[in-house]
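Every number here is computed from the coordinates shown, using simple stated rules; none is lab data. Just so it is clear, the structure is predicted and the values come from calculations on it, not from any experiment. FYI the Cβ positions are ideal-geometry reconstructions off the backbone, even for glycines, and counts take in every protein chain you see.
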Amino acid sequence: MTTMRTFFVLAALTSVASAQVAKPARIAVVPVAAVNIDTQRVDALAQDLAEGLNAELDVEAVGGLDVRRNLRADLPADCATLPSCAAEVAKATGAAQILFVVMVDASGTGSLQVDSTWVEPSTGKTSNRPSVSLSSTTDADAKARFQENATKFLPDAKVRPKLKVGGGNSLSVSDAKPRHFTTPSLVTGGVAIVGLGVGIGFGLSARSKYNTCNAAVTCSQSQRDTIKHTDLIADIGYLAALGGAIATSILFASSGEESHVIATPMENGASVSYFGRF
């Protein structure tokens with residue numbers, strides 16, 4: 001019985017320790033070929049594409065110089081078709097999915113056509129995405145253009161909620177707060193640890209006394225009562241540990257806060273908050 005109680009309490013405590021914050025999929029934007037475009041501009045456009053995806057979709061996209069410096073310079077143009085190459089890129093960037101991008105300025109005027117291939121190295125899935133054109137001779141609107149076409153690049157990703165705000169409002173975005181151990185959760189966690197220690201200590205003591213009494217020719221009523229009392233204290237300790245573990249788990253799970261937009265009127269009026277992941 002003591003062993004079983006210990007098992008269940010340890011399982012409850014393990015569930016608290018293993019709780020993690022759910023994170024959006026990490027996407028690496030990796031240019032593999034560019035025609036009539038210099039490296040600096042390629043990095044800037046890849047960064048714009050990543051930021052456009054992040055602005056529109058519930059993903060963690062990375063691109064630009066931060067990605068290129070983690071990859072070897074001689075990455076083949078057909079990396080998307082080579083499982084070993086895709087796996088190498090995923091390991092180097094920490095990405096679960098990859099957008100291999102080809103950028104072409106065929107006319108030499110600055111207008112671009114961006115073609116991409118989506119790859120999920122862990123499953124071997126690949127898919128060619130529709131082309132996206134940038135008609136402007138400058139890249140000032142590239143991020144907005146990529147954001148408009150984000151679902152073409154990642155059609156399965158969840159779109160971020162939109163906020164419609166009338167005139168005269170000032171918008172700001174609060175910082176997201178990941179799940180963390182608050183003071184109350186630390187207290188309940190301490191109760192769980194102390195309770196577990198009491199349960200194990202008195203449980204072992206009760207078993208030792210029981211074995212001694214069982215091996216003896218005679219066992220007095222006083223000895224039997226002592227064993228019952230010691231075992232009762234062990235049970236109370238295990239219950240306290242289990243209760244503390246459950247309370248800690250609940251407090252930890254509810255401690256996070258997602259980013260949200262705060263719309264504050266420029267003139268007199270109450271502020272309004274819109275909650276959603278950003």
- Between ALA61 and residues 5 or more places away or on another chain, the pairs with built amide H atoms under 5 Å apart involve ILE27, ASN54
- Sequence-distant or interchain residues sharing an amide H contact under 5 Å with VAL30, placed H: which? LEU99, PHE100, VAL101
- Could you tell me whether the range 46-148 comes out rounded, prolate or oblate from its Cα gyration tensor? Rule is a ≥ b ≥ c as square roots of the eigenvalues, rounded for a/c under 1.5, then prolate if a/b exceeds b/c, otherwise oblate. prolate
- Query: From the backbone phi of the range 83-93, what are the Karplus-calculated ³J(HN,Hα) couplings (6.51 cos²θ - 1.76 cosθ + 1.60, θ = phi - 60°) in whole Hz, Gly and Pro given as x?
  - Reply: x, 5, 5, 4, 5, 4, 5, 4, 5, 5, 9
- Percent antiparallel among DSSP beta bridges (both partners in the range 26-156, rounded to 5): 60
- Query: How far is the Cα center of the range 21-91 from the Cα center of the range 195-255, in Å?
  - Reply: 57
- Message: Under 8 Å for C-alpha pairs, at least 6 residues apart: give me the relative contact order for the range 26-156, rounded to a whole percent.
- Response: 29
- Message: Take ASP66 and ARG26, extend 7 Å from each Cα along the Cα→Cβ direction, and tell me the distance between the two endpoints in nm.
- Response: 1.1
- Message: Can you compute the charge dipole magnitude of the range 26-156 about its Cα centre, using +1 on each Lys and Arg Cβ and -1 on each Asp and Glu Cβ, nothing else charged? Give it in debye, rounded to the nearest 20.
- Response: 240
- Estimated vicinal HN-Hα couplings, Hz - the range 237-252 in sequence order (Karplus 6.51, -1.76, 1.60; Gly, Pro = x): x, 5, 5, 4, 5, 5, x, x, 5, 5, 4, 4, 4, 5, 5, 5
- Query: Peptides 207-215, 46-54: what's the order by average Cβ count within 10 Å, highest mean first?
  - Reply: 46-54, 207-215
- Computed FRET value (nearest 0.05) for VAL159 with SER208, which takes r as the C-beta separation and R₀ as 51 Å: 0.25
- GLU88 and ILE246 label points (each 7 Å along its Cα→Cβ direction) are spaced in nm at 5.4
- Message: Which one, PRO31, PHE153, ALA77, projects farthest toward the positive side of the charge dipole computed for the range 26-156 from Cβ point charges (K/R +1, D/E -1)?
- Response: ALA77
- Work out how much length SER222 to VAL194 would gain on full extension: take 0.36 nm times their residue separation and subtract the Cα-Cα distance, in nm to one decimal. 7.3 nm
- Item | Anchor LYS143: aspartates and glutamates whose Cα lies under 12 Å away (excluding residues fewer than 8 positions away in-chain) | ASP48, GLU51, GLU56
